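Here is the structure we will look at.
The values are calculated or read from the model by the stated rules, or taken from the named source; none is laboratory data. Quick caveat, the model's predicted, so the values are computed rather than measured. Glycine gets a Cβ as well: all are built from the backbone with ideal geometry, and neighbour counts include every protein chain shown. The accessibility values were calculated without ligands, DNA or RNA, using every heavy atom of the protein model including side chains. Shrake-Rupley method; radii C 1.70, N 1.55, O 1.52, S 1.80 Å.
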Amino acid sequence: MEKQEKIKVLTDLIAINSVNGNEVEVAEYLAAFLAKYGITAKIDRFGDKRADLIAEFGEKKTKQVFCLTGHQDIVAVGDQAKWHSSPFQAKIDGDRLYGRGSADMKSGLAAEVIALAELAEQGFKIPGTLKFVATAGEEFGTPGAYRLADQGVFDDVQAMIVGEPTDGQIVYAHAGTINYQIKSYGQAVHSSTPEAGINAINGLAAYIAAEPHLFEQDPGDLALGKVKHSITMIKGGSQINIIPDQAELSGNIRPTPAFTNEKIIAAIKNQLAIINQQTKFKLEFSLLHNFYPVKTDPQDEFVQQVAAISASHFPRQAIELKTINGATDASVFTQRNPKIKTVVLGPAAWKHAHQIDEYTTISSFLAICDIYQEVAQTYFEQA
């Protein structure tokens, strides 16, 4: 494919408003694009405008299964007046290509399908199976990833690249994510007689005071460090002169293999039990999302090969093996199949994702197109 053809795939994807919950149009575009190169894709529709996409090609003579995967949804635009160009009309300024999702992660998604298309166009023989999987809803709740995992789509995958933005760097491990909610119940009375009621906000305050110390037993993970934890939202009260009988908070925690999801949840529940037993407050825990950490040995041959290939295509920058505290769909896939060797690798940089005037660079996008293709070729030639 020519350079401008590749850029057009990316600009076409940016033009599709696929804010979480509206992914089907992206799936239809990707399926039509792959069909031009003789690659059949299955669109798995669910909900009104939601869809995953699965494509496979190869001779399937061996059990080798390599997967390129990414998500189709984007985050909301926010205040469009603050953008210097339309979020859904790609703008090119020098090496930068602006638009919502340009970094996270339509550039990675475009590079993945372009890699498949070029391999098919060249007639490259794949003795095993090359998969491409595009998910719905990664930005909130990962319903598409769970649906695919339940269908067994990743049960046979041996190695995988997730095309999130890393600017060519190799991410071999990332934390998990726990989103949780705590509801506090009290007794409403007029604020002139607070002693007659139970202030639900004070119940939350008891937990908030304890929360910084809940994970002090965390030994720290060699790659990912200590668990990150934050209380991020608080709601309570309905009227300024009424003692509130209900309040709630939400929190986000980033588990690691050294201090697991189960240990974190147990620590929170234990603290709530203590508060409920020793005070007049009643606190209830709800688990909203529970994604597990992902970690592949950085010395693994697959990780080292991907790093070497990326370095050859980014000669002006040092390519390093890194970890991040963000999470990806791989949390779901590797929970189902822990043997998948996983690398996160894509164009642009993570810091540009979800921003006003989000952008990728054309040079990194084109380099990643070639890297994905070379990784696939190397995997099937050497495996």
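Look at where the Cα atoms of segment 345-383 and of segment 169-229 average out, and the two centres are 37 Å apart. Listed peptides 344-351, 26-33 appear in the order 344-351, 26-33 once ranked by packing, highest mean of other Cβ atoms within 10 Å at the front. When segment 221-328 is described by a simple charge dipole with +1 on each Lys and Arg Cβ and -1 on each Asp and Glu Cβ, the residue from Pro298, Ile242, Asn252 located farthest towards its positive end is Ile242.
Most tightly packed first, judged by the mean number of other beta-carbon atoms within 10 Å of their residues, the peptides 332-342, 78-88 read 332-342, 78-88. Its Cα centre serving as origin, segment 103-261 has a Cβ charge dipole (Lys and Arg +1, Asp and Glu -1) of approximately 160 debye. Counted by Cβ distance under 15 Å from Ser238, the other residues give a net charge of 0, where Lys and Arg count +1 and Asp and Glu count -1. When you restrict to C-alpha pairs under 8 Å that are six or more residues apart and normalise by the size of segment 116-217, the relative contact order lands at 11 percent. Here the accessible area of the chain is 49 percent carbon and sulfur, with a 1.4 angstrom probe and all protein chains present.
Averaging the Cα positions of each part gives two centres, and for segment 266-285 and segment 303-332 these lie 42 Å apart.
Sorting the segments 195-205, 168-178, 299-309, 314-324 by their mean number of nearby beta carbons within 10 angstrom, highest to lowest, gives 168-178, 195-205, 299-309, 314-324. Around the Cα centre of the chain, unit charges on the Cβ atoms of Lys, Arg, Asp and Glu (plus for the first two, minus for the last two) sum to a dipole of about 440 debye. Relative contact order of the chain: 24 percent, from C-alpha pairs under 8 Å at least 6 residues apart in sequence. Only helices enter the 222 nm calculation for the chain: every DSSP H run of n ≥ 4 contributes -39,500 (n - 2.57), and dividing by all residues gives -10000 deg cm²/dmol, rounded to 500.
Pairs exceeding a 29 Å alpha-carbon distance, out of Lys235/Lys295; Lys8/Lys60; Lys131/Lys322: Lys235/Lys295; Lys8/Lys60.
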